[in-house]
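All remarks here apply to the structure that follows.
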Amino acid sequence: METMAATLPARKPYSFTNGKLAMWLFLGSDAMGFMGLIGAYIVLRITSPNWENPKLDPPFGINLTAFMTFLLIVSSVTMVTALSRIEKGDRKGLLFWLAMTICGGLTFLCLQAYEWTHFIHAKHELAVEYTKATTLAAPFTNYQATFFSLTGFHGLHVTIGVIYLSTIWIRSWQGAYTAEKHSPVELVGLYWHFVDLVWIVLFTIIYLLPDSVRDL
Amino acid sequence: MSEHAQASHPYYRIFGILTVLTIAEILWVYVVPHSRAMLAGGLGLMAAAKVALVGLYYMHLKYEGKLLWVVALFPLTLVVVMIAGLLPDALAPY
């Protein structure tokens, strides 16, 4: 029996690693988390008679968020380039393109912080005016709640992604990956592309959809 | 990822298409005149195309086996169920 086992070729039931399967399972469950939030957003938005339009707020100007979208698309292409470099055994290329991806993620986070700061400031001024006029505390609208929940949850993913990418960059610098052994680089790539993919959806439903979806 | 996948990744072509689609989305909102239904439908189609391109080419689903497809598509099935469940609430008069 032992001799027979030794002569048989090693069986490889699936064409992917356990790590890749685990990452896909995680991304699947994470996608359902996002869908819960997006579903709540859609119901609240459709059932609301008045929904604020982020395109009309100066700090939100569509140019900024369109640039943020472009930035994530660029960071996706730098990520796949990093992976293709290490597949060819080019460690310097891996380090460079991973660093570019990290820069893209950090710039995205800075722009989101800028957007949030302006949003909070603008809404605070409106709330002060409302209180002066009505002597009531300004309500926290569904629009604000869903905006912060969705973009905040995504921003958290970008933050974790930047930390994850930085860890992989350090391991690359230490020489942990080769052309034959680079599974962690592929896994961090999957995570990063997922973050990009979610933003594509958020950009459309938060910033681009018409003001009154119910009037469609 | 298979050897075939490594040999023929159209990464930069996909990047170009994603960029063009993003510009097209903005033009669709601000430049092209149409009804609100067409606006939402066009945006939905362009976003779906971008998501598919990222999933297929950047996440390499195009080159993966059936099991990973099942893992990736299962949440999408649940999304359809969730949307069907939310419709009564969304369409109820406010």
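Values quoted throughout were computed directly from the atomic coordinates according to the rules given, and no laboratory measurement underlies them. It should be emphasised that the depicted structure is a prediction, and the values quoted were computed from it without experimental measurement. Methodologically, a virtual Cβ is constructed for each residue, glycine included, from the backbone with ideal geometry; neighbour enumeration extends over all protein chains shown.
Structure above, values below:
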{"item": "Relative packing of peptides A:178-188, B:55-65 - highest average C-beta neighbours within 10 Å first", "result": "B:55-65, A:178-188"}
{"item": "Per-selection Rg to Rh, chain B - Cα, Kirkwood hydrodynamic radius", "result": "1.08"}
{"item": "Within 10 Å of each Cβ in B:10-19, the average number of Cβ atoms from other chains", "result": "4"}
{"item": "Order of A:Trp24, B:Trp69, A:Trp51 - criterion: other Cβ atoms within 10 Å of each residue's Cβ, fewest first", "result": "B:Trp69, A:Trp51, A:Trp24"}
{"item": "Protection-proxy order for peptides B:77-88, A:95-106, each taking the mean of Cβ atoms within 10 Å per residue, highest first", "result": "A:95-106, B:77-88"}
{"item": "Inter-chain Cβ neighbour average for residues A:187-199, partner chain, 10 Å", "result": "3"}
{"item": "Listed residue pairs exceeding 21 Å between alpha carbons, taken from A:Lys20/A:Lys92; A:Lys20/B:Lys66; A:Lys92/A:Lys181; A:Lys20/B:Lys62; A:Lys123/B:Lys50", "result": "A:Lys20/A:Lys92; A:Lys123/B:Lys50"}
{"item": "Euclidean distance of C-alpha centroids, the range B:64-94 and the range A:106-172, integer Å", "result": "27"}
{"item": "Within the range A:165-203, backbone nitrogen closer than 15 Å to the virtual label 7 Å beyond the Cα of A:Cys103 toward Cβ", "result": "none"}
{"item": "Length-normalised contact order of the range A:66-158 in % [C-alpha pairs under 8 Å, at least 6 apart]", "result": "23"}
{"item": "Shielding of B:50-60 by partner chains, average beta-carbon count, 10 Å", "result": "6"}
{"item": "Stokes-Einstein diffusion coefficient of the range A:64-161, Kirkwood radius over Cα pairs, 4 °C, 1.567 mPa s, in µm²/s", "result": "82"}
{"item": "Relative packing of peptides A:194-200, A:113-119 - highest average C-beta neighbours within 10 Å first", "result": "A:194-200, A:113-119"}
